[in-house]
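Chemist: The structure's right below; bear with me while I get my questions together.
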Amino acid sequence: MADYRAVAAVSEAVTELLRGHYRPEDFDNELEFRVYGARDFAQPMAAGVSVFLYRIFPNGLKRIQPIRPLPADSQQRSQLPLDLHFLLTAWAGDASLQHTIAGWMMRTVEDLPTLPTGLLNHRHPGLFRADESVTLLPAELSTEELFRIWEVIVNHAYQVSVPYVARGVKIDSPLPLSATGEPVRERVLEMGTKEAAP
């Protein structure tokens, strides 16, 4: 799959997914779609959706994978499978517009949960192979956990936010394993003999 740039590429792909299906005529305001860091919450956008990556976690279920063969008698190290946890936040000065944006955002992700290669390669062409994709799924996050995240990010009034997790993000290692050597042609078994006790 991709290299270490995959994490940033998936974040950008989520914004591109929403931007690509946004129709200005459906809203009274022009909407923005941006990847946020913690500092951005202090001066948020007027109206739109922010994508905030708040947790990256190795996926233990997919951790053990076969080593893949490469040309020239070498092998590639196993991939690092990651789950990327996002908060998608609807922003607007008016509560009605904010709720409308939140509903539209959730419906769009529900209809189009798979990020195809074209979106994933938007910023870094060729990063993901043509047969690769990443899936966005609703994440489990309690109301208390959600409020705690907001308290840590910035001292700001809570905004309508929905947690999602991106699954299927696998990062390749740039380091190949050592050469495999000559193929095995003969198997030799040696039986040891037990010495008699004196």
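The values are calculated or read from the model by the stated rules, or taken from the named source; none is laboratory data. What you are looking at is a predicted structure, and each value in this text was computed from that prediction instead of being measured. Virtual Cβ from ideal backbone geometry, glycine too; neighbours counted across all protein chains shown.
Chemist: Under 7 Å between Cβ atoms, at least 6 apart or on separate chains: pull out the pairs that start in region 52-66 with a residue that is closer than 28 Å to ALA90 by Cα and part of a strand (DSSP E or B) and end on any residue that is modelled with pLDDT of 85 or more and charged (D, E, K, R).
Modeler: PHE57/ASP83
Chemist: Could you count how many residues in region 1-33 are closer than 17 Å to GLY93 by Cα and modelled with pLDDT of 95 or more?
Modeler: The total comes to 3.
Chemist: Return the total of residues in region 1-51 being in contact with a helix residue (DSSP H, G or I) (Cβ under 6 Å, 6 or more places away or on another chain), in contact (Cβ under 8 Å) with a residue 24 or more places away in the chain and part of a strand (DSSP E or B).
Modeler: The number of residues fulfilling the criteria is 3.
Chemist: Further question: Among the residues that make up region 103-117, is at least one of them farther than 18 Å from ARG34 by Cα, β-branched (Val, Ile, Thr), in contact with a strand residue (DSSP E or B) (Cβ under 6 Å, 6 or more places away or on another chain) and at pLDDT 95 or above?
Modeler: Within region 103-117, one or more residues are farther than 18 Å from ARG34 by Cα, β-branched (Val, Ile, Thr), in contact with a strand residue (DSSP E or B) (Cβ under 6 Å, 6 or more places away or on another chain) and at pLDDT 95 or above.
Chemist: Same structure, new question: Return the total of residues in region 118-144 being of a type in the set (S, T, N, Q), outside any loop (DSSP other than H, G, I, E, B) and either in contact (Cβ under 8 Å) with a residue 60 or more places away in the chain or touching a strand residue (DSSP E or B) at 6+ places or on another chain (Cβ under 9 Å) (or both).
Modeler: Step one: list which residues in region 118-144 are of a type in the set (S, T, N, Q), which gives 121, 133, 135, 142-143.
Narrowing the set further to residues that are outside any loop (DSSP other than H, G, I, E, B) leaves 135, 143.
If we keep only those that are either in contact (Cβ under 8 Å) with a residue 60 or more places away in the chain or touching a strand residue (DSSP E or B) at 6+ places or on another chain (Cβ under 9 Å) (or both) too, we end up with 135.
Summing the residues that are of a type in the set (S, T, N, Q), outside any loop (DSSP other than H, G, I, E, B) and either in contact (Cβ under 8 Å) with a residue 60 or more places away in the chain or touching a strand residue (DSSP E or B) at 6+ places or on another chain (Cβ under 9 Å) (or both) in region 118-144 gives 1.
Chemist: Also, I was wondering about something else. Look at VAL14 and say whether it is surrounded by 14 or more Cβ atoms within 10 Å (Cβ to Cβ), over 19 Å from SER161 (Cα atoms) and either basic (Lys, Arg) or within 13 Å of the chain's Cα centre (by Cα) (or both).
Modeler: Details: surrounded by 14 or more Cβ atoms within 10 Å (Cβ to Cβ): yes; over 19 Å from SER161 (Cα atoms): no; either basic (Lys, Arg) or within 13 Å of the chain's Cα centre (by Cα) (or both): yes.
Spelling it out, it is not the case that VAL14 is surrounded by 14 or more Cβ atoms within 10 Å (Cβ to Cβ), over 19 Å from SER161 (Cα atoms) and either basic (Lys, Arg) or within 13 Å of the chain's Cα centre (by Cα) (or both).
Chemist: All but one of (1) modelled with pLDDT of 90 or more; (2) over 30 Å from TYR22 (Cα atoms); (3) of a type outside the set (D, E, K, R); (4) more than 15 Å from the chain's Cα centre (by Cα) hold for PRO81; state the number of the condition that does not hold.
Modeler: Tallying (1) modelled with pLDDT of 90 or more; (2) over 30 Å from TYR22 (Cα atoms); (3) of a type outside the set (D, E, K, R); (4) more than 15 Å from the chain's Cα centre (by Cα), PRO81 fails exactly one: (4).
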